[in-house]
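All remarks here apply to the structure that follows.
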Amino acid sequence: MDFTFTEEQLLFQESVRDFLFNEVTPERIRASWQSDTGREHLLWQQLTDLGLVGMTVPEEHGGLGMNEVDFILLAQECGYVALPEPLVHTALVAVPLLSDLGGELAAQWLPKIAAGQAKALVGLEQNLLVEDAHVADLLLLQRGDAIYALTPEQVSLRHNESVDPSRRLYGVDIPADAAPAVTGDIAVDLTGKTLNRGALGAAAQALGLAQRMVDMSVQYTGERQQFGKLIGSFQAVKHHMANVAVALEYAKAPVHRAAYSIAMDEVRAGRAVSHAKLVACAAANLAAKNSVQVHGAMGYPWEVDLHIFMKKAWALANTWGDAGYHKARVAQYIFSDEAQLGAVGTFS
Amino acid sequence: MDLAFTKEQRDFRQEIRTWLAANAPAQPLQSFDTEQGFQQHREWEAVLNEGRWGMVTWPEELGGRGCDLIEWLIFEEEYYRARAPLRVNQNGIFLLGPTLMEYGTPEQKARILPKMANGEEVWSQGWSEPNAGSDMAAIRSRAELVGDKYVINGQKTWSTRAVWADWCFGMFRTDPESERHHGLTFILVPLDTPGITVRPIPQLDGLPGFAEIFFDNVEVSVDNRLGDEGAGWRVAMATAGFERGLMLRSPARFQETARRLVELYRENSATADHDPAVKDAVIRAYLDAESYCLTTYQTACRLSQGGKIGAESSTNKIFWSELDQNMHATAMSILGARAELLPLAPDAVGVGSWLDGWLFAQSGPIYAGTNEIQRNIIAERMLGMPR
Ligand SMILES: Cc1cc2nc3c(=O)[nH]c(=O)nc-3n(C[C@H](O)[C@H](O)[C@H](O)COP(=O)(O)OP(=O)(O)OC[C@H]3O[C@@H](n4cnc5c(N)ncnc54)[C@H](O)[C@@H]3O)c2cc1C
């Protein structure tokens, strides 16, 4: 029993945190809102050079062959800076799906992805729209019990504007004569796994987002004075933040556990992910709510950075399965006769 | 990361499971807040100690097994799974015991720990006073050193299990000029010393679960001082908060309640969903109990690899006490009109022990440092917000 990360995993997290914090500043994110694609080639190249883009690509396809446990802390850091680039999507969702699809598709695309020369993005019916479809070189799209692998030229995209300018969302129409890459049980199985990985990525980012909003709020309330005192010294303000700290503290281990469950292909992976997604997104939503509150009116203007993080947290809660979806999955288990409840079911 | 138990850990689990199956009382004991029940629980402690299961984290020479935190968690899981009795001497074995091992003289350890371990001497805790609750540094009870004796005058209150306990440990002001957390001394007091009056205080269930203790020129040998004179505050704060919290309220307890709650919900499926919020609350109970377990294991693993834990341990108290309240509130909703009935009432069908648990859950956010105090600590020491 060892529920810790290795020294290397923690050191890598630290260096990625430093890089992202210095490079992906709120100013840079705001600049990306003005650009056509909202995505930056240079930044993607830097992320590639750091080994992040190809981290989960198998070694035989030019990647580092690492797994969800290796990536999970980095996904948290992506959340911390509200990284607009589809890095978590690539490493936790698209690459594993391509690897599972295998064959020609994997051999053709994974090396390019690992080299930062191509992007694959995934669209499941569970999500209304496909994130970042406009920068995709390959789209992996699920419809019912079929998964299609199509290039942008083969589909038509419908841009949908989000309240979060960092999020670029597209409806994708598949032509009737397109041939699926896989169908039937295999496709259904892969769809389930992909949803789990998407939800895991969202949960990890939610942890980072929550931490960022706490940090911003602690800083702000440690500078702003009212009634001749720092507002952070008022207990009502402190307790808003303490409540977020409690929710966040108890959401981390479930997310790490879910990463492990997926990496080990455990039977419980689905419900472990649902648990993680529910508690991490709840912590991030609480962070958003309480952070706006302790900022007063300063939480409301477009020019103040808080909403960069808040809007992303709101959106993540409803992607890759919303709370209703994930609760239903937990409920189905705990109210079944097979459920192992009580004190000895957590690791058995 | 490797979330499988080792062979040693699995064997350990099997060993305690087998032992409990053979030795745990088949019928629940009476409440330890009755005289007879207290005695039954005391005897159970002796049985546990006989099997060297009394306090597995204690070193072997003291009748323990030198277990680490993961083994402690496994022990607790099996203990709650077997529905073995609550620990009547928890203030002694979980709180005072570790403090004694750190600060006690060899003579004190030899004199006190064995009798604590076998339940011969049950301990109560005397911090609170009428005017020193959350503000523990406001303690006023006096202990004056006269020759080789302390002469104690004053009053302690809310002292759990003190009605039938043998000893009390507490903090007393030895320096009359001192203020706040200076000048306090940690002293161990036999409750049968002349000058002591213990007045039982009935709790919400009507049973005397705690007591006031009055001290009127009570003479206690200086040998009963733990740590240096004036160092009481430091001694009291010694054992790390997380470990103490872990001993007192390990995840197994709440996972077991969550399991019972799911069972109760399913047994009452015809009516439970009349309030659609109930199902959601049951799901949350399960998830939160799991979160508590996972987080505790992660922290325990970090600690056993030499990691440190600071003020974030204050999140622990808030999390479990609110979880416990929420779970019991949900059970009360499911039981509906039966919720208020005492278990032996003729129409109290299937109410189990939920009412008792619900009453006790009211106190979780209060004792061991109120949740408001914990939130202050989190904000100031964990998040660094201004005082
Ligand atoms: C079941 C039970 C068992 C107990 N067992 C023991 C025992 O064995 N030994 C022992 O010594 N004591 C025991 N206690 C007492 C317990 O430690 C105290 O109740 C606790 O420390 C709170 O003190 P108080 O009751 O005086 O409440 P107060 O301190 O008067 O607090 C009342 C309310 O005011 C709030 N408050 C107070 N100060 C602040 C602040 N600075 N900021 C924000 N809010 C504040 C509190 O959070 C609380 O909500 C027990 C209590 C209970 C309920």
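The values are calculated or read from the model by the stated rules, or taken from the named source; none is laboratory data. These numbers come from a predicted model, not from an experiment. FYI the Cβ positions are ideal-geometry reconstructions off the backbone, even for glycines, and counts take in every protein chain you see. SASA here: full protein model, heavy atoms, side chains in, ligands and nucleic acids out. Shrake-Rupley method; radii C 1.70, N 1.55, O 1.52, S 1.80 Å.
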Leading residue by the ranking (farthest from residue B:178 (Cα to Cα)) among those in region B:142-157 that are within 16 Å of the ligand (Cβ to nearest atom) and without any contact (Cβ under 8 Å) to a residue 60 or more places away in the chain: B:157
Residues located in region B:97-131, provided they are surrounded by fewer than 16 Cβ atoms within 10 Å (Cβ to Cβ) and within 12 Å of the ligand (Cβ to nearest atom): B:130, B:131
Among (1) touching a Ser or Thr at 6+ places or on another chain (Cβ under 6 Å); (2) surrounded by fewer than 21 Cβ atoms within 10 Å (Cβ to Cβ); (3) in contact (Cβ under 8 Å) with a residue 24 or more places away in the chain - the single one residue B:302 does not satisfy: (3)
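For residue B:356, are the conditions met, namely being crowded, with 16+ Cβ neighbours inside 10 Å, within 16 Å of the ligand (Cβ to nearest atom) and within 19 Å of residue B:286 (Cα to Cα)? Steps first, answer last, please.
Values: crowded, with 16+ Cβ neighbours inside 10 Å: yes; within 16 Å of the ligand (Cβ to nearest atom): yes; within 19 Å of residue B:286 (Cα to Cα): no.
Criteria not met by residue B:356.
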Test: residue in region A:253-261 that is among the aromatic types (Phe, Trp, Tyr), on the phi < 0 side of the Ramachandran plot and open to solvent by less than 30 Å² (accessible area, probe 1.4 Å): yes
Qualifying residue in region B:334-349 (condition: assigned by TED's automatic domain parsing to the domain that holds residue B:256, within 16 Å of the ligand (Cβ to nearest atom) and in contact (Cβ under 8 Å) with a residue 40 or more places away in the chain): no
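Across region A:334-344, what is the total count of residues that are within 9 Å of chain B (Cβ to nearest Cβ) and surrounded by fewer than 18 Cβ atoms within 10 Å (Cβ to Cβ)?
Here is the first cut: in region A:334-344, the residues within 9 Å of chain B (Cβ to nearest Cβ) are A:334-335, A:339, A:341-344.
The next check asks that each one be surrounded by fewer than 18 Cβ atoms within 10 Å (Cβ to Cβ); those that pass are A:335, A:339.
Qualifying residue count, region A:334-344: 2.
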Candidates B:175, B:68, filtered to the one that is open to solvent by 30 Å² or more (accessible area, probe 1.4 Å), modelled with pLDDT under 95 and more than 16 Å from the ligand (Cβ to nearest atom): B:68
Subset of region A:170-195 (residues that are assigned to a helix (DSSP H, G or I) and open to solvent by less than 20 Å² (accessible area, probe 1.4 Å)): A:187, A:190, A:194, A:195
Spans of helices (runs of 4 or more DSSP H) in region A:230-348 with at least 3 residues closer than 28 Å to residue A:161 by Cα: A:269-295, A:306-317, A:323-334
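Checking the condition within 14 Å of chain B (Cβ to nearest Cβ) and out of contact with any strand residue (DSSP E or B) (no Cβ under 6 Å at 6 or more places or on another chain), which residue from A:293, A:219, A:205 passes?
Details: A:293 fails: within 14 Å of chain B (Cβ to nearest Cβ); A:205 fails: within 14 Å of chain B (Cβ to nearest Cβ).
Just one listed residue meets the conditions, A:219.
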Search result, residues across region B:18-28 that are open to solvent by 50 Å² or more (accessible area, probe 1.4 Å) and either in the same structural domain as residue B:205 (by TED's automatic domain parsing) or touching a Phe, Trp or Tyr at 6+ places or on another chain (Cβ under 9 Å) (or both): B:23
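Listed residues B:248, B:184, B:204; which is closer than 18 Å to residue B:137 by Cα, more than 14 Å from chain A (Cβ to nearest Cβ) and within 16 Å of the ligand (Cβ to nearest atom)? Give the steps one after another, and end with the answer.
Working: B:248 fails: closer than 18 Å to residue B:137 by Cα; B:204 fails: closer than 18 Å to residue B:137 by Cα.
Selected residue: B:184, the only one of B:248, B:184, B:204 that is closer than 18 Å to residue B:137 by Cα, more than 14 Å from chain A (Cβ to nearest Cβ) and within 16 Å of the ligand (Cβ to nearest atom).
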Residue B:218 vs. criteria away from chain A (no Cβ under 14 Å), of a type in the set (A, V, I, L, M), away from the ligand (no atom under 16 Å from the Cβ) and open to solvent by less than 20 Å² (accessible area, probe 1.4 Å): yes
Every residue from region A:236-255 that is out of contact with any Ser or Thr (no Cβ under 9 Å at 6 or more places or on another chain) and either of a type in the set (Ser, Thr, Tyr) or at the interface with chain B (Cβ under 7 Å from one of its Cβ atoms) (or both): A:239
Flag if residue B:357 is among the small types (Gly, Ala, Ser) and outside any helix (DSSP H, G or I): no
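Yes/no matrix, rows are residues, columns are (1) away from the ligand (no atom under 13 Å from the Cβ); (2) among the aliphatic types (A, V, I, L, M):
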| residue | (1), (2) |
| --- | --- |
| B:281 | yes, yes |
| B:295 | yes, no |
| B:301 | yes, no |
| B:315 | yes, no |
| B:363 | no, no |
| B:382 | yes, yes |
Residue within region A:54-72 that is open to solvent by less than 10 Å² (accessible area, probe 1.4 Å), more than 28 Å from residue A:266 (Cβ to Cβ) and not acidic (Asp, Glu) present: no
